[in-house]
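Step one of this worksheet: look at the structure below.
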Amino acid sequence: MRNIEQRVNYISELLVGAFYIHARPEQKALKELEGKKVSLSTKGSSATTTGPIVFEAHGGVQPDIAYINNTVALEKMKTGEIAGIASTGGKPNDPFVKLKPEPGFHFFPSTTAQNSPTTPSLPLSHDDCPQVIPEGQAT
């Protein structure tokens, strides 16, 4: 490239964050979140940008979006007020590492994010979330 030294100011590796969806037992596939309340954490978090992109990439799924802190949203999932939580972050994702097991609550498989134009797919294993994912299993 001609004059590249004048065009490039700085090159840096960007943070790799993955997109996770933790859902109630009734939701077996991403499309089942259509019209259901899904928290994208608080406004301004990376999930508020990534979530709609992933939902659109999966057939235009349109959940009822809520902006609730993940800790509060997890409690609302237990009462059925929220069907799922969309979250971004590295592995392990701190709020999910500390989860207490709830019967049937699960992560959607990592393939959920594979078709997203912006989000890598990082499978979760028992080592990442020992309270939620049984030993020998992965998402």
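The values are calculated or read from the model by the stated rules, or taken from the named source; none is laboratory data. These numbers were taken from a predicted model, which means no experiment stands behind them. For neighbour counting, all protein chains shown are included, and Cβ atoms are generated from backbone atoms with ideal geometry for every residue, glycine included.
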Checklist outcome for this item: Note on the range 36-95: residues in contact (Cβ under 8 Å) with a residue 60 or more places away in the chain, closer than 26 Å to PRO130 by Cβ and surrounded by fewer than 18 Cβ atoms within 10 Å (Cβ to Cβ) are GLY90, LYS91
Next on the checklist: So, restricting to strands (runs of 3 or more DSSP E) that lie completely within the range 1-79, which ones have at least 1 residues that are farther than 20 Å from GLY90 by Cα and charged (D, E, K, R)?
Outcome noted: 37-39, 64-66
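Suppose we filter the range 96-113 for residues that are under 19 Å from THR50 (Cα atoms) and either surrounded by 12 or more Cβ atoms within 10 Å (Cβ to Cβ) or modelled with pLDDT of 70 or more (or both); how many remain? Working first, answer last.
Taking the range 96-113 first, the residues under 19 Å from THR50 (Cα atoms) are 96, 107-113.
Among the residues that remain, those that are also either surrounded by 12 or more Cβ atoms within 10 Å (Cβ to Cβ) or modelled with pLDDT of 70 or more (or both) are: 96, 107-110, 112-113.
Here the count works out to 7.
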Checklist entry - Looking only at the range 116-139, which residues are modelled with pLDDT under 70, under 12 Å from the mean Cα position of the chain (by Cα) and not polar (S, T, N, Q)? => result PRO120, LEU122
Next on the checklist: Given (1) hydrophobic (A, V, I, L, M, F, W, C); (2) modelled with pLDDT under 85; (3) part of a loop (DSSP other than H, G, I, E, B), identify the lone condition not met by ILE82.
Outcome noted: (2)
Checklist entry - Which residue, of GLU13, GLU26, GLU32, is of a type outside the set (Gly, Ala, Ser), at pLDDT 90 or above and surrounded by fewer than 14 Cβ atoms within 10 Å (Cβ to Cβ)? => result GLU26
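Please tell me if TYR10 is touching a strand residue (DSSP E or B) at 6+ places or on another chain (Cβ under 6 Å) and hydroxyl-bearing (Ser, Thr, Tyr).
Considered against the rule, which asks whether it is touching a strand residue (DSSP E or B) at 6+ places or on another chain (Cβ under 6 Å) and hydroxyl-bearing (Ser, Thr, Tyr), TYR10 comes out as no.
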